[in-house]
1. Do the conditions hold for THR177, that is, is it without any contact (Cβ under 8 Å) to a residue 24 or more places away in the chain and either closer than 20 Å to GLN243 by Cβ or out of contact with any strand residue (DSSP E or B) (no Cβ under 9 Å at 6 or more places or on another chain) (or both)?
2. Working only within region 208-234, note down all residues that are free of Cβ contacts under 8 Å to residues at least 24 places away in the same chain, assigned to a strand (DSSP E or B) and open to solvent by 100 Å² or more (accessible area, probe 1.4 Å).
3. Determine whether region 137-158 contains at least one residue that is assigned to a strand (DSSP E or B), more than 30 Å from TYR227 (Cβ to Cβ) and either at pLDDT 95 or above or among the polar types (S, T, N, Q) (or both).
4. In the list ASN26, ASN76, ASN45, which residue meets the criterion of being open to solvent by less than 80 Å² (accessible area, probe 1.4 Å), more than 20 Å from the chain's Cα centre (by Cα) and without any contact (Cβ under 8 Å) to a residue 40 or more places away in the chain?
5. Looking at this structure, is THR177 surrounded by 16 or more Cβ atoms within 10 Å (Cβ to Cβ) and in a strand (DSSP E or B)?
6. Out of LEU85, LEU56, LEU116, which single residue is open to solvent by less than 80 Å² (accessible area, probe 1.4 Å) and either in contact with a Pro (Cβ under 8 Å, 6 or more places away or on another chain) or within 30 Å of PHE174 (Cβ to Cβ) (or both)?
Amino acid sequence: LKPGYNGMAMGYIGTGDRYGGMVNLNVKEGKWNFTGMYSYNQAINFTKGYTRRTQLDSLEDPSGYFNQDNNTRQKNMFNFGKVGLDYTINNRNMITFSGMVVAGQFDTYDEQVYELLDSEKEKRIYGTRWNKQNAAFQNYNGQVLYKKTYPKAGKELNFDANYNHTNSNNGYLFTTTGFLNPDTLTIPNTYQKNIGKSNADQGIFQLDYVNPYSDTRKLEMGLRAFYKRSNSENNTSNAQSNQDVYTRDSIMSNRYVIDDMINA
């Protein structure tokens, strides 16, 4: 087998704090073949939006108005990496090892300015809501492949072992202020926060055998085991006036543990 080496690198930059790049490498030497790749990119996005709503009574006359303006800043970051190693034992047997990592992070800050008006367009309730959210995830994968071929065309044996782990976390804090007119009474500030997380482990093991007897007949056999365990948790709590005392919201909070197992 002839040796070979090749690779590639690239990068980019753009407005909105957009950055990214990628490197790729392949090395082949004798019975070994190695591949590796990594990429990264990030971006910051600013968006604006608004809502203008008119409420109608039974006679379809305006009974009130709701206005809201949004300003949002979102930052995204993403990573991806992969390595692989092939070893040709002989012309009938090959084994492959590979691994992969994927990760991302997302941060959002949103400001909402709102007002509620009566039918005469007099302001009755107004205020601001700030939404701060963040989320991140990681995924790890490892795999072993083995393939054996035979002098008979179409006859082969394949083995695949695959393990995958993923975890994520997210959270947000909603802060709302409000005022009443015409007395300019202050509505107590409200706070809602959430903390969530999840993780999962998955394993797959599979063995396949194929043996053709003729153009119209062949024997196929296989074994497969699949197992997955996942755990997710979400906790939401609320506070008023200040953030010293939070009360857990049992309706919006939950926790799930799920096991899947399939053998064939």
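1. Details: without any contact (Cβ under 8 Å) to a residue 24 or more places away in the chain: no; either closer than 20 Å to GLN243 by Cβ or out of contact with any strand residue (DSSP E or B) (no Cβ under 9 Å at 6 or more places or on another chain) (or both): yes.
It is false that THR177 is without any contact (Cβ under 8 Å) to a residue 24 or more places away in the chain and either closer than 20 Å to GLN243 by Cβ or out of contact with any strand residue (DSSP E or B) (no Cβ under 9 Å at 6 or more places or on another chain) (or both).
2. Within region 208-234, GLU220, MET221 meet the criteria.
3. Pass one, region 137-158, residues assigned to a strand (DSSP E or B): 137-149, 156-158.
Filter once more, so that each one left must be more than 30 Å from TYR227 (Cβ to Cβ): none.
No, region 137-158 has no match at all.
4. Details: ASN76 fails: more than 20 Å from the chain's Cα centre (by Cα); ASN45 fails: more than 20 Å from the chain's Cα centre (by Cα).
Unique residue meeting the criteria: ASN26.
5. Details: surrounded by 16 or more Cβ atoms within 10 Å (Cβ to Cβ): no; in a strand (DSSP E or B): yes.
In short, no.
6. Values: LEU85 fails: either in contact with a Pro (Cβ under 8 Å, 6 or more places away or on another chain) or within 30 Å of PHE174 (Cβ to Cβ) (or both); LEU56 fails: open to solvent by less than 80 Å² (accessible area, probe 1.4 Å).
It is LEU116.
The values are calculated or read from the model by the stated rules, or taken from the named source; none is laboratory data. None of the values given here were measured: they were computed from a predicted structure. Cβ sites come from the backbone with ideal geometry, for glycine too, and all protein chains shown count toward neighbours. Just the protein is used for accessible areas: all its heavy atoms, side chains included, with ligands, DNA and RNA removed. Shrake-Rupley method; radii C 1.70, N 1.55, O 1.52, S 1.80 Å.
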